[in-house]
Amino acid sequence: MIRAELNVPPQYEIAIGPREKSDVNGFDTIAVTFSLPNESQRKQTVEFLLSKDSNTLARLSKWNIGTDPVSMLPTDGRPVRGNPEAKVTIVNFDDLECPFCAAMNAEFFPATVDHYKGLVKFVYLDYPLVEIHPWAMHAAVNANCLAAQNPAAYWNYVDYLHTHGQDVTGPDRDLAKSAAMLDKLANQEGGRDQLDAAKLDACLAKQDDTKIMAEMRAADKAGVNATPTFFVSGERWAGQLDERQLWTMIDRALTEQGITPPPSEGPAPHAQPATPPK
């Protein structure tokens, strides 16, 4: 029943815990854990309510309203696009192999920076959906290697991958060739920005994904399960939107800060879907 009602992908395993006493009259609680085999860090446990007669199962949702979602996101030290002193922050969970992310990066984000003229800033965090995007993690590690030395190199690399993703994938979809191209592109960017070549080479060779996995765990806690997912001063949206719709969120955040948003014109078209959940 849980698989059917929640459309759980077949590759996920489900473990159901024991009945325990709940605070809801007439119901017990059971903990249901969803996990992928051989990926211990990619699991989620959800509480359900089970009636005393065992005939009714209900989803129990608890929202923590004592914590600002943005405060849980590891944005310290991340490259910033826009005005670093802006009071409104857009945090985007990005997948460098995601086509919807590429469209947002190429169309919405530059237009937004231009429209708000220093009133907002963007921070990207990594959320590579490795089950469907095989080279996304490698790309995220490389981008972080560049960011450690020069934020501009990071943004150049991100922008390039979001406009040349099919070139990296290649016609034969050879993952080793994709990884080699990602490293070559990172080294070329490092040369253009005069980065420490030895330090960059060591970082690329090590492929340490520790920081990225920490960002993904923080994303899971914040309710992220698709890309792009972004937070506008704490308000979350998953999927690709037209700039006018997103600007409505930004205008609201600016108003809450006592800042008058710049005027915009035109109706807001319909939203587009996000990359499928992990």
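Bear in mind that the values in this text are calculations on the coordinates, not laboratory data. Fair warning: this is a prediction, and the values are worked out from it, not measured in the lab. Neighbour counts run over all protein chains shown; Cβ positions are idealised from the backbone, glycine included.
Would you check if there is a residue in the range 189-210 being closer than 30 Å to PHE34 by Cα and assigned to a helix (DSSP H, G or I)? Yes - at least one qualifying residue is present in the range 189-210. Determine whether the range 214-233 contains at least one residue that is more than 22 Å from VAL88 (Cβ to Cβ), under 19 Å from the mean Cα position of the chain (by Cα) and either β-branched (Val, Ile, Thr) or not in a helix (DSSP H, G or I) (or both). Yes, that holds for at least one residue.
Residue pairs whose Cβ atoms lie under 6 Å apart, separated by 6 or more positions or on different chains, with the first residue in the range 93-106 and basic (Lys, Arg) and the second surrounded by 24 or more Cβ atoms within 10 Å (Cβ to Cβ), do not occur.
Taking every residue in the range 224-248 that is touching a residue at least 40 places away in the same chain (Cβ under 8 Å) and pairing it with any residue that is of a type in the set (Lys, Arg), at least 6 positions away or on another chain, the pairs with Cβ-Cβ distances below 7 Å are ASN225/LYS278; THR229/ARG236.
Taking the stated definitions as given, is PRO9 in contact (Cβ under 8 Å) with a residue 40 or more places away in the chain and either among the small types (Gly, Ala, Ser) or surrounded by 11 or more Cβ atoms within 10 Å (Cβ to Cβ) (or both)? Spelling it out, it is not the case that PRO9 is in contact (Cβ under 8 Å) with a residue 40 or more places away in the chain and either among the small types (Gly, Ala, Ser) or surrounded by 11 or more Cβ atoms within 10 Å (Cβ to Cβ) (or both).
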